[in-house]
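Quick notes on the structure that follows.
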Amino acid sequence: MAEGRGSSGMMQPDPSLQNQGYDGPDGFGEPAEREVELDLAKYWAMLMKHRLLIAGAVLAALVIGVVVTLLTPPTYTAEATVQIDRETARVLDSEEAAPVDLRYSVEFFQTQYGLIRSRSLAERVIDSMGLANSDDFIEQMGGEFEAREGETAAQQMARRREMVINLIARGLDVSSQRDSRLVEITFSSPSAALSARMANAIAENYIQSNLDRKFDASLYVRDFLEDRIAETKAKLEETERQLVQYAEDQQIIRLEDPSNAGTGAQRSLAANSLSALNEALSQARVERITAEERWRQARGAALMSIPEVIASPAIQAMVAQRVQVEAEYQQKSSVLQPDYPEMVELQNRIDELNEQIRSLAVSIRDGIRAQYEIALNQERALQGRVNGLSSDVLDLSDRSVQYNILLRELDTSRQLYDGLLQRYKEVGVTGGVTANNVSLIDRAIAPKSPSSPKLPLNLALSFVLGLGLGVVAAFLIEALDDSVTTPMDVEEKLGLAGLGAIPLLDKDKDAATALRDVRSPFSEAYYSLRTALQFTTSHGAPRSLLLTSARPGEGKSTTAFATALNLSRIGKRVLLVDGDLRNPSMHRVLEIENSQGMSNFLSGSAEIAGVVRKTPYATLDFIPCGPLPPNPAELWAGDRVQALLDQALASYDHVIIDGPPVLGFADAPILSSQVEGTLFVLESRNTGRRQAIGALRRLAMGRGRVLGAVLTKFQASKTRHDGYDYSYDYDYGARSASEVPGPKA
């Protein structure tokens, strides 16, 4: 009889699988998809399961860490601190020299770090310290230089120099203090004194190289400006000669513009003359208009009403004299007659004065006309001269196009020349300035203790590494583990309800003895299986039940016997059938002869009454296998199976069939389709997921209704860290074997 083993824990069947056959998502036994969720308890259980592996990995990593730490030569790190300002102090106040705010410029400081790590600075340090002249530095850094056969001295020097550069780059490190302009230059080597000396040498050469770059840049600018000044000067002289020659050829004379005195602006002689004549013409035109207006008024007005006549002092004197004579005449006219000589003389004087006044007024009016004619003639003369000069100026403008081009080119060259001269003077002033934006703050001193190796740090890293490797190995083992070990694996890997877990018996015990002890964990596990079967159908445990497994030796026969025995113990009449017509074993368990049995009934040579055998248990009967037939699958495929079930269920409450394994045979799928339910038996740790799924697919294709699975030969002690308790141990008190009820006849 095969022994059943597994945890004595029992899990309730999945309600989704109750009252229906096993059928995964693809219809062939694949487990149903589950919602992915983070199960920390599951991962913790997995880690505890592989705790020895993880502990071994951690221990091995710690040992390796200690060994590596003890074997690693000490390294000393010296540190020099320099301050790197964003910009050098400026001497000149010009747009080009304005300080640039690089407060947020990471590129500036990254550039400085790159300069410190640069090959050129390493070569400068080598030259200043003479490190490439011997092998001392290489040996102090833990290296070794070997001369090669056939190598010249120059080749050896070049190779030694390259090795020293690589060693400096390997020992050098640059870092900055947060939110500051302080930069730490560190150098690591096996010698404390060498580390301090190298850190100081690198800092000092970095500062000096920064000054040299500024000085070299100033020299380059001066040389560049000198070349540009010479070129510009030659071009300026050539342009001046061309301008003078062209002015001479075209008779162009330029004078300084008086309206823009001091600005250097020039105008041609004709343009100056035209400007002067234009001003004179404008003045003459104003005078002509004034004279013309006076003459127009004088010509149309009465002679004595002309304003100039009225305002004339001579006429005013004559008019006053005439008024006086006329007054005297009026005075004497009252005494003397008009023909009186004195009166005639006064009248003559009055007439003479009137004639004089009229003659003077006419001359004044003629003078106004003469002034108008003079102004008109002067305007006409000036207009003629202006018209003549305008033609000359227009002609000169046509001839001055090239002159103006040369003049503008000359002005541009002069401005460029003046700017270059000014810039050259500024560079000359700043060329000797040695202000530097890099300064040494703290010189490096020889460290008193090594910076590495650090045992605590190495142990911590080894612990983390070992723990990580152990965890990865545990996850990898779990991922590659295809076996069904726990009831949780039954649900997760197969999608079946776990109806029970049967513990593994000790080597000195057999299944029959363990089943007789109703308080043993082995019996308790099968009691739980019996209870779980009560919930698989609406009327309790299935009346016809097939027990099968993927392969032989998984505890199928023991489970069939235990299930039938437990059902009989609660007063049910049970018929146990040995349905394995290929390798029967149940008759040996019950110690019943196997001369006739199922093979006889299926072949029609016997009836059910002739093959049923009594067992030591009152309500449990048994049908053995009988003679082994040559064609078991054909016997099971006949209609005698249904006849057996119909006749047996008329007299028994339950029919339990111990069927053959699924894989390799057609018997189990045929039987599964005939009974009310099928119980799938799995051996813990030895049955693979693919093997079990293959068997379940065959049962599904035969339309068998798989109620669930029972896990046999389960070792709870090896899975106690999976978060579930599968133990049935309970202290009922010591009971002697005599208190355990035995089988009844």
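The values are calculated or read from the model by the stated rules, or taken from the named source; none is laboratory data. None of the values given here were measured: they were computed from a predicted structure. Every residue, glycine as well, gets a Cβ built from its backbone with ideal geometry; the counts of neighbours run over all protein chains shown.
Whenever a residue of the stretch 486-507 is at negative phi and outside the structural domain of Glu683 (by TED's automatic domain parsing), its partners that are outside any helix (DSSP H, G or I) and of a type in the set (Ser, Thr, Tyr), lying with C-beta atoms within less than 6 angstrom and at least six residues away or across chains, give the pairs Thr486/Thr719.
Scanning the stretch 698-709 for residues that are within 11 Å of Leu494 (Cβ to Cβ) and either outside any strand (DSSP E or B) or touching a Phe, Trp or Tyr at 6+ places or on another chain (Cβ under 6 Å) (or both) returns Val706, Ala709.
Would you check if Val67 is modelled with pLDDT under 50 and out of contact with any strand residue (DSSP E or B) (no Cβ under 7 Å at 6 or more places or on another chain)? So Val67 fails the test.
Being of a type in the set (Asp, Glu), outside the structural domain of Gln324 (by TED's automatic domain parsing), assigned to a helix (DSSP H, G or I) and modelled with pLDDT under 85 is not true of Asp392.
When the stretch 521-552 is filtered for residues that are in a loop (DSSP other than H, G, I, E, B) and in contact with a Pro (Cβ under 9 Å, 6 or more places away or on another chain), the ones remaining, listed by number, are Phe535, Thr536, Ala550, Arg551, Pro552. Here Arg443 passes the criteria (1) closer than 27 Å to Gln208 by Cβ; (2) at pLDDT below 80 except the one numbered (2). Across the stretch 104-134, what is the number of residues that are touching a Lys or Arg at 6+ places or on another chain (Cβ under 7 Å) and at pLDDT below 90? Selection size over the stretch 104-134: 2. Asp639 meets all of the listed conditions (1) in contact (Cβ under 8 Å) with a residue 24 or more places away in the chain; (2) farther than 19 Å from Ile502 by Cβ but one, namely (1).
Within the stretch 157-207, the set of residues being within 33 Å of the chain's Cα centre (by Cα), assigned to a strand (DSSP E or B) and of a type outside the set (A, V, I, L, M, F, W, C) comprises Asp173, Ser175, Ser176, Glu184, Thr186.
Here is a yes/no grid of residues against (1) among the hydrophobic types (A, V, I, L, M, F, W, C); (2) modelled with pLDDT of 80 or more; (3) part of a helix (DSSP H, G or I):
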| position | (1), (2), (3) |
| --- | --- |
| Gln330 | no, yes, yes |
| Pro338 | no, yes, no |
| Met343 | yes, yes, yes |
| Gln356 | no, yes, yes |
| Leu376 | yes, yes, yes |
| Ala381 | yes, yes, yes |
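Across the stretch 660-674, the number of residues qualifying as surrounded by fewer than 23 Cβ atoms within 10 Å (Cβ to Cβ) and assigned to a loop (DSSP other than H, G, I, E, B) comes to 5. Scanning the stretch 120-175 for residues that are of a type in the set (Asp, Glu) and more than 22 Å from Ala80 (Cβ to Cβ), we see that the one that is surrounded by the fewest Cβ atoms within 10 Å (Cβ to Cβ) is Glu149. Restricting attention to the stretch 407-417, does a residue exist that is of a type in the set (A, V, I, L, M), assigned to a helix (DSSP H, G or I) and modelled with pLDDT under 80? Yes, some residue in the stretch 407-417 is of a type in the set (A, V, I, L, M), assigned to a helix (DSSP H, G or I) and modelled with pLDDT under 80.
All conditions but one from (1) under 60 Å from the mean Cα position of the chain (by Cα); (2) surrounded by fewer than 24 Cβ atoms within 10 Å (Cβ to Cβ) apply to Ala550; the one that does not is (2). Does Asp667 fit the bill of being touching a Lys or Arg at 6+ places or on another chain (Cβ under 7 Å) and under 20 Å from Ala564 (Cβ atoms)? The answer is no for Asp667. Against the test of being within 60 Å of the chain's Cα centre (by Cα), at pLDDT 90 or above and of a type in the set (A, V, I, L, M, F, W, C), the options Val681, Val611 yield a single qualifying residue, Val681. Taking only the stretch 290-343 into account, find how many residues are in contact (Cβ under 8 Å) with a residue 24 or more places away in the chain, exposed (fewer than 15 other Cβ atoms within 10 Å of the Cβ) and not charged (D, E, K, R). The number of residues fulfilling the criteria is 4.
Of the residues making up the stretch 41-57, those that are more than 11 Å from Leu467 (Cβ to Cβ) and modelled with pLDDT of 80 or more are Trp44, Met48, His50, Arg51, Leu52, Leu53, Gly56. Give the stretch 550-561 a look and list any residue that's within 14 Å of Gly500 (Cβ to Cβ) and of a type in the set (S, T, N, Q), or say none. Of everything in the stretch 550-561, those that are within 14 Å of Gly500 (Cβ to Cβ) and of a type in the set (S, T, N, Q) turn out to be Thr558, Thr559. Using the structure shown, decide if Glu426 is among the acidic types (Asp, Glu) and at pLDDT 75 or above. It is false that Glu426 is among the acidic types (Asp, Glu) and at pLDDT 75 or above. Taking the conditions exactly as written (part of a helix (DSSP H, G or I) and β-branched (Val, Ile, Thr)), does Ile477 satisfy them or not? Yes; evaluated as a whole, the condition is true for this residue.
Given the condition of a type in the set (Asp, Glu) and either within 19 Å of Thr486 (Cβ to Cβ) or outside any loop (DSSP other than H, G, I, E, B) (or both), answer yes or no: does some residue in the stretch 508-518 qualify? Checking the stretch 508-518: not a single residue is of a type in the set (Asp, Glu) and either within 19 Å of Thr486 (Cβ to Cβ) or outside any loop (DSSP other than H, G, I, E, B) (or both). The residues listed here are Ala473, Ala479, Ala501, Ala525; of these, the one that is within 45 Å of the chain's Cα centre (by Cα) and modelled with pLDDT of 85 or more is Ala473.
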